[in-house]
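The block underneath contains the structure these notes are about, expressed in structure tokens.
The values are calculated or read from the model by the stated rules, or taken from the named source; none is laboratory data. Everything numeric in this text was worked out from a predicted model, so none of it was measured. Positions of Cβ are backbone-derived with ideal geometry, glycine not excepted, and every protein chain shown enters the neighbour counts.
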């Protein structure tokens with residue numbers, strides 16, 4: 001009998017960063033983290049850049065240290081997160097259309113398409 005694939009959901013950068021910055025933690029982010037034991041998260045290819053940017057800004061503002069960021073990235077890399085490798089391909093078509101049609105930034109639309 002074929003194994004049923006794990007459920008998938010889109011993981012937003014802001015939720016992942018709520019796992020890192022204690023002052024941004026909330027019940028929703030905790031529930032999403034708990035759901036990763038039986039599901040796979042899907043992220044657009046810009047996810048890694050968003051994470052890196054927010055971590056470096058956090059270091060510059062003395063919210064965290066480089067070693068704390070490195071430990072977080074190690075934990076994040078171990079999670080079942082799949083990158084949508086079509087983000088760039090769809091940026092000027094589906095994503096742009098979605099952003100226009102729903103009043104979103106192109107970045108936010110990349111998570112939706």
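Consider residue 112 carefully, then state whether it is in contact (Cβ under 8 Å) with a residue 60 or more places away in the chain and surrounded by fewer than 16 Cβ atoms within 10 Å (Cβ to Cβ). Give the steps one after another, and end with the answer.
Values: in contact (Cβ under 8 Å) with a residue 60 or more places away in the chain: yes; surrounded by fewer than 16 Cβ atoms within 10 Å (Cβ to Cβ): yes.
For residue 112, the condition - in contact (Cβ under 8 Å) with a residue 60 or more places away in the chain and surrounded by fewer than 16 Cβ atoms within 10 Å (Cβ to Cβ) - is met.
What about residue 52, is it surrounded by 15 or more Cβ atoms within 10 Å (Cβ to Cβ) and modelled with pLDDT of 95 or more?
No: the conditions fail for residue 52.
Take the conditions more than 25 Å from residue 91 (Cα to Cα) and either in a helix (DSSP H, G or I) or at pLDDT 95 or above (or both) and apply them to residue 41. Does it pass? Give the steps one after another, and end with the answer.
Working: more than 25 Å from residue 91 (Cα to Cα): no; either in a helix (DSSP H, G or I) or at pLDDT 95 or above (or both): yes.
In short, no.
All but one of (1) within 15 Å of residue 77 (Cα to Cα); (2) part of a helix (DSSP H, G or I) hold for residue 20; state the number of the condition that does not hold.
Every condition holds for residue 20 apart from (2).
So which residues in the range 6-17 are touching a residue at least 12 places away in the same chain (Cβ under 8 Å) and either part of a helix (DSSP H, G or I) or farther than 18 Å from residue 109 by Cβ (or both), if there are any at all? Give the steps one after another, and end with the answer.
Within the range 6-17, the subset touching a residue at least 12 places away in the same chain (Cβ under 8 Å) is 6-13, 15-17.
If the condition is that a residue be touching a residue at least 12 places away in the same chain (Cβ under 8 Å) and either part of a helix (DSSP H, G or I) or farther than 18 Å from residue 109 by Cβ (or both), then 6, 7, 8, 13, 15, 16, 17 are the ones that fit.
Starting from the range 21-43, take each residue that is in contact (Cβ under 8 Å) with a residue 12 or more places away in the chain and list its partners that are surrounded by fewer than 10 Cβ atoms within 10 Å (Cβ to Cβ), counting only C-beta distances under 9 angstrom and pairs at least six apart or across chains.
Cβ pairs passing all conditions: 35/7; 38/7; 39/7; 40/5; 40/7.
Restricting to the range 76-106, name every residue that is surrounded by fewer than 16 Cβ atoms within 10 Å (Cβ to Cβ) and touching a residue at least 24 places away in the same chain (Cβ under 8 Å).
Answer for the range 76-106, where residues must be surrounded by fewer than 16 Cβ atoms within 10 Å (Cβ to Cβ) and touching a residue at least 24 places away in the same chain (Cβ under 8 Å): 79, 80, 82, 83, 85, 88.
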